[in-house]
Amino acid sequence: MHNPQLNKHGELQHLLTIDGLPKAIVNHILDTASSFVSVSDREVKKVPLMRGKSVFNLFFENSTRTRTTFEIASKRLSADVINLNIAASSTSKGESLLDTIDNLAAMHADMFVVRHATSGAPFLIAKHLNDTRQHHVHVVNAGDGRHAHPTQGLLDMYTIRHYKKDFTNLTVAIVGDVLHSRVARSDIHALTTLGVPEVRVIGPRTLLPGGLEQMGVRVFNNMNEGLKGVDVIIMLRLQNERMSGALLPSAQEYFKSYGLTPERLALARPGAIVMHPGPMNRGVEIDSAVADGPQAVILPQVTFGIAVRMAVMSIVAGNSGGV
Amino acid sequence: MHNPQLNKHGELQHLLTIDGLPKAIVNHILDTASSFVSVSDREVKKVPLMRGKSVFNLFFENSTRTRTTFEIASKRLSADVINLNIAASSTSKGESLLDTIDNLAAMHADMFVVRHATSGAPFLIAKHLNDTRQHHVHVVNAGDGRHAHPTQGLLDMYTIRHYKKDFTNLTVAIVGDVLHSRVARSDIHALTTLGVPEVRVIGPRTLLPGGLEQMGVRVFNNMNEGLKGVDVIIMLRLQNERMSGALLPSAQEYFKSYGLTPERLALARPGAIVMHPGPMNRGVEIDSAVADGPQAVILPQVTFGIAVRMAVMSIVAGNSGGV
Amino acid sequence: MHNPQLNKHGELQHLLTIDGLPKAIVNHILDTASSFVSVSDREVKKVPLMRGKSVFNLFFENSTRTRTTFEIASKRLSADVINLNIAASSTSKGESLLDTIDNLAAMHADMFVVRHATSGAPFLIAKHLNDTRQHHVHVVNAGDGRHAHPTQGLLDMYTIRHYKKDFTNLTVAIVGDVLHSRVARSDIHALTTLGVPEVRVIGPRTLLPGGLEQMGVRVFNNMNEGLKGVDVIIMLRLQNERMSGALLPSAQEYFKSYGLTPERLALARPGAIVMHPGPMNRGVEIDSAVADGPQAVILPQVTFGIAVRMAVMSIVAGNSGGV
């Protein structure tokens, strides 16, 4: 199926997934973000790029942290932001998702930032807007089910580029619960697109999906082996609900096998950076000595994340819709 | 009792109900709204009419959809908006409604947009503000109990005027659960004020209130008869809680007797328009073929609703208080 | 321990408590607030002092009223405001408080307005920001446990100064549940700092903490005696949860002994003012005839509170951090 995120000129009109996103567009986003990093440092942290535009944060699934980053990004672009917790709203009155969307679009929304527990919901919304020729509304995926979290993937790329400059000589390891992670999926696509020659995935068999090798990824179940010589380590959050139950014996056991300690970090290349999408489980997937250590770039990721979201929002808002 | 929505010069200082609102004021609101419809189409969708004013959305009853429309209208007028979910707030600490109101007025509020499950609450608040000479605060009723929803009534009038131009030769039918509908009540008052010669109400006996004939309304229990030759059909939402229980046999039975299908719509005058305040129950009160068909003006209603709320807010804010 | 609210130049970089705050700083806040009182009266109630700054309302404990006052103060200073209900957020995902703080600071926050059920939480946050050299972020305590509520204390001082001009010849009585009140604690510190010669505390033994005499306070268990000749009466709210149970026989009994009635008010000096932090329990700690009477300055307190919060926020935002 045609990917509805590009308009007929091949420009980004929605951001739904990094999968299949042309390298030139990824680089354009990262370059634009670069110009916004300094905005957040200024005395007045605003640019008028989206003044008078209406951005709707449509969070069908609660995520205060992600909602906050988009709200800040919107306000620094001078947009008006409307937060909608949709679970508590009309869908509970039996209205269909697409009726809600049409309704909000009719209020002259300019952008929907969509978070949904169901994979593909932002795609469905974007396709509907295209099909019904409501080209004035742009969709940004803020995380859908296990599918994608493209702005997280892009801010990870921004962070790697910031510290390592060149993607084409890197070895990058993604560690942990890849099976349930939309972040991992977005990162793998982005790393591949940007020409990273070796992407590794490290985790217990129960938390790795099938088909990784076909994506060009090297799989390790032993963390010490997987970390050898890597330049970048992307740790994943272990969801609380996985810690007890069928998939894992216990949080302690997990830390023993897959927790990132200073000893394990020493196996990586000197100067390797440690990333984490947050929120961290200290003592579960990561040791505090690493999380607070000199190789961690976890807080810079957050800072860059605002700039990357500003870049994505201003780029899609500037491209006219139409398929 | 004197209606507190007009000041001593007969100007609109609060909007509480359409009942008794002079025709000149209704027309002034519709004319003002007309100038705002284009604002929402502009690149920068803002006018500075309420810059620096503080609008409080006081929602004692949850309604994300209505709150959103007022929030957007406020922001497009450049006002500052404070959303207060009052159920979760001080009233739970035992403070009286009027103490809460005085408290917020003392923060130099300029406007309260009030939604309340109790009929008459916005009236009570406006009267208290007038009586205590707190003339700097204006009240807009965003729906009170079964009593009134005046901005919905006004946006319905705007929509009818937009498509039909002249009210004085129209037949308008309101269909469904009139008994529990504040929308129906506001619409009947508005249609009568604007000189519509024939207003009909269609619904099962159990969902129609007494006294309709005295309001100058023709009552039909048979939908096919009621729709004959009408120019405008206003469908009402069937609340979920009515669908089972004493008032109605079932949603399916309701649809069979009162659902608006293409066949039934064909009984109306050619070019008749179909309206609905949303959210719709497709397959209950309205068939999808009608809801998405060429005669439906349900999404334009939403668009006009923003402009009508901007008009109401800027008009009452501009009229000095005082009874 | 060094109080982290002052930077190395002795300027206010955070507002955590009035305890130990130099008199010159208190007066500077009150003088600055004075210039903002008129702002709220203007047609456009905004000054550009914090334009482009990001203020985060971090409410770990729900308080709609206090959150609203800070939100209004922020908007009138032209800041961008992000409301975070943290109970519902990351801390529920097991993230530590300080990780949440670091994360938000990395988004280039300029100010955290912190409300927390645990005494000392804002102090802990400010100390952490200082220790980690995140000097761009300022903390304002919006109430922590039973410890402090400094902006309430400051607005009380503003109100007293407004009506009584000079602190050095006043007798001030604080009445009620001092044991559980952060307001009382902040007020006692402020009154002492500003040179009030006689501070009295009135309440039942079960609701007074130990150590009051050491703070230079005169303690009364009999209200009629305590009110004799006072210039200012600060009533405290009786929390609902105290009204039944071990500490108090009943709300009616409490009113009989400690409710402020017109008869009791007559024991104070003529022209004495009556204050209350709100929300009031009419008929429990205060009679409606007093609450609505000519000596009550309860609503002016609210108005002054906005100006005082604007003053505090603009002052701390303007002082560079660093200990």
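Each residue in the stretch C:139-183 was checked for being within 16 Å of residue C:23 (Cβ to Cβ) and touching a Phe, Trp or Tyr at 6+ places or on another chain (Cβ under 6 Å), and 1 pass.
Can we say residue C:68 is surrounded by fewer than 18 Cβ atoms within 10 Å (Cβ to Cβ) and either more than 11 Å from chain B (Cβ to nearest Cβ) or among the polar types (S, T, N, Q) (or both)? Answer is no for this residue.
Residue by residue, here is whether (1) under 15 Å from residue A:285 (Cα atoms); (2) among the polar types (S, T, N, Q) holds:
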{"position": "A:205", "(1), (2)": "no, no"}
{"position": "A:220", "(1), (2)": "no, no"}
{"position": "A:223", "(1), (2)": "yes, no"}
{"position": "A:227", "(1), (2)": "yes, no"}
{"position": "A:239", "(1), (2)": "yes, yes"}
{"position": "A:261", "(1), (2)": "yes, yes"}
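Being farther than 25 Å from residue B:136 by Cβ and either within 11 Å of chain C (Cβ to nearest Cβ) or modelled with pLDDT of 95 or more (or both), is that true of even one residue in the stretch B:36-49?
Pass one, the stretch B:36-49, residues farther than 25 Å from residue B:136 by Cβ: B:37-45.
Subset that is either within 11 Å of chain C (Cβ to nearest Cβ) or modelled with pLDDT of 95 or more (or both): none.
No; the residues of the stretch B:36-49 include none that is farther than 25 Å from residue B:136 by Cβ and either within 11 Å of chain C (Cβ to nearest Cβ) or modelled with pLDDT of 95 or more (or both).
To keep it simple, each residue is scored yes or no on (1) out of contact with any Asp or Glu (no Cβ under 7 Å at 6 or more places or on another chain); (2) part of a loop (DSSP other than H, G, I, E, B); (3) surrounded by 14 or more Cβ atoms within 10 Å (Cβ to Cβ).
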{"site": "B:211", "(1), (2), (3)": "yes, yes, no"}
{"site": "B:218", "(1), (2), (3)": "no, no, yes"}
{"site": "B:226", "(1), (2), (3)": "yes, no, yes"}
{"site": "B:253", "(1), (2), (3)": "yes, no, no"}
{"site": "B:263", "(1), (2), (3)": "yes, no, no"}
{"site": "B:294", "(1), (2), (3)": "yes, yes, no"}
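Every condition in (1) without any contact (Cβ under 8 Å) to a residue 24 or more places away in the chain; (2) within 14 Å of chain B (Cβ to nearest Cβ); (3) buried (at least 17 other Cβ atoms within 10 Å of the Cβ) is met by residue C:25 except one, and the failing one is (2). For the list (1) outside any loop (DSSP other than H, G, I, E, B); (2) of a type outside the set (Ser, Thr, Tyr); (3) at pLDDT 95 or above, I need the number of the one condition that residue A:169 fails. In the conditions (1) outside any loop (DSSP other than H, G, I, E, B); (2) of a type outside the set (Ser, Thr, Tyr); (3) at pLDDT 95 or above, residue A:169 misses (1) alone. Note on the stretch B:129-164: among residues that are of a type in the set (S, T, N, Q) and assigned to a loop (DSSP other than H, G, I, E, B), the one that is farthest from residue B:25 (Cα to Cα) is B:132.
For the stretch A:305-323, the criterion of being in a loop (DSSP other than H, G, I, E, B), more than 23 Å from residue C:108 (Cα to Cα) and touching a Ser or Thr at 6+ places or on another chain (Cβ under 8 Å) is met by no residue.
What number of residues within the stretch C:296-317 are more than 12 Å from every other protein chain (Cβ to nearest Cβ), small (Gly, Ala, Ser) and buried (at least 23 other Cβ atoms within 10 Å of the Cβ)? Residues flagged as more than 12 Å from every other protein chain (Cβ to nearest Cβ), small (Gly, Ala, Ser) and buried (at least 23 other Cβ atoms within 10 Å of the Cβ) within the stretch C:296-317 amount to 1. The numbered conditions (1) more than 18 Å from the chain's Cα centre (by Cα); (2) of a type in the set (Ser, Thr, Tyr); (3) surrounded by 19 or more Cβ atoms within 10 Å (Cβ to Cβ) are all true for residue B:206 except (3).
Suppose the filter is farther than 21 Å from residue B:53 by Cα, crowded, with 21+ Cβ neighbours inside 10 Å and either in contact (Cβ under 8 Å) with a residue 12 or more places away in the chain or not acidic (Asp, Glu) (or both); does residue B:176 pass it? Yes; evaluated as a whole, the condition is true for this residue. Against the list (1) modelled with pLDDT under 95; (2) surrounded by fewer than 22 Cβ atoms within 10 Å (Cβ to Cβ); (3) more than 9 Å from chain A (Cβ to nearest Cβ), the condition residue C:78 fails is (1).
Exactly one residue out of A:250, A:320, A:288 is of a type in the set (Ser, Thr, Tyr), more than 21 Å from residue A:184 (Cα to Cα) and within 14 Å of chain C (Cβ to nearest Cβ): that is A:288.
In the stretch A:1-13, what residues are in a loop (DSSP other than H, G, I, E, B) and under 20 Å from residue A:155 (Cβ atoms)?
Keep residues of the stretch A:1-13 that are in a loop (DSSP other than H, G, I, E, B), which gives A:1-5, A:7-11, A:13.
Across the stretch A:1-13, the qualifying residue is only A:5.
Within the stretch C:179-199, the set of residues being modelled with pLDDT of 95 or more and assigned to a loop (DSSP other than H, G, I, E, B) comprises C:194, C:195, C:196, C:197.
Each residue in the stretch A:106-120 was checked for being farther than 22 Å from residue B:296 by Cα and surrounded by fewer than 22 Cβ atoms within 10 Å (Cβ to Cβ), and 5 of them qualify.
Restricting attention to the stretch B:272-283, the residues being surrounded by fewer than 20 Cβ atoms within 10 Å (Cβ to Cβ) and more than 8 Å from chain A (Cβ to nearest Cβ) number 1.
Looking at A:192, A:159, A:168, can you tell me which residue is of a type outside the set (A, V, I, L, M) and touching a residue at least 40 places away in the same chain (Cβ under 8 Å)? Show your work before the answer.
Numbers: A:192 fails: touching a residue at least 40 places away in the same chain (Cβ under 8 Å); A:168 fails: touching a residue at least 40 places away in the same chain (Cβ under 8 Å).
The unique qualifying residue is A:159.
Among the conditions (1) out of contact with any helix residue (DSSP H, G or I) (no Cβ under 6 Å at 6 or more places or on another chain); (2) of a type in the set (D, E, K, R); (3) within 23 Å of residue B:299 (Cβ to Cβ); (4) touching a residue at least 60 places away in the same chain (Cβ under 8 Å), residue B:182 misses just one, which is (4).
All of B:85, B:57, B:103 fail the test of being of a type outside the set (Lys, Arg), at the interface with chain C (Cβ under 10 Å from one of its Cβ atoms) and either touching a residue at least 40 places away in the same chain (Cβ under 8 Å) or surrounded by 19 or more Cβ atoms within 10 Å (Cβ to Cβ) (or both), apart from B:103. For residue A:145, the requirement of being at positive phi and touching a Ser or Thr at 6+ places or on another chain (Cβ under 7 Å) is met. The single condition among (1) modelled with pLDDT of 95 or more; (2) among the polar types (S, T, N, Q); (3) within 27 Å of residue C:52 (Cβ to Cβ); (4) surrounded by fewer than 24 Cβ atoms within 10 Å (Cβ to Cβ) that residue C:141 does not meet is (4).
The values are calculated or read from the model by the stated rules, or taken from the named source; none is laboratory data. Just so we're clear, the structure is a prediction, and the values are computed from it rather than from any experiment. Virtual Cβ from ideal backbone geometry, glycine too; neighbours counted across all protein chains shown.
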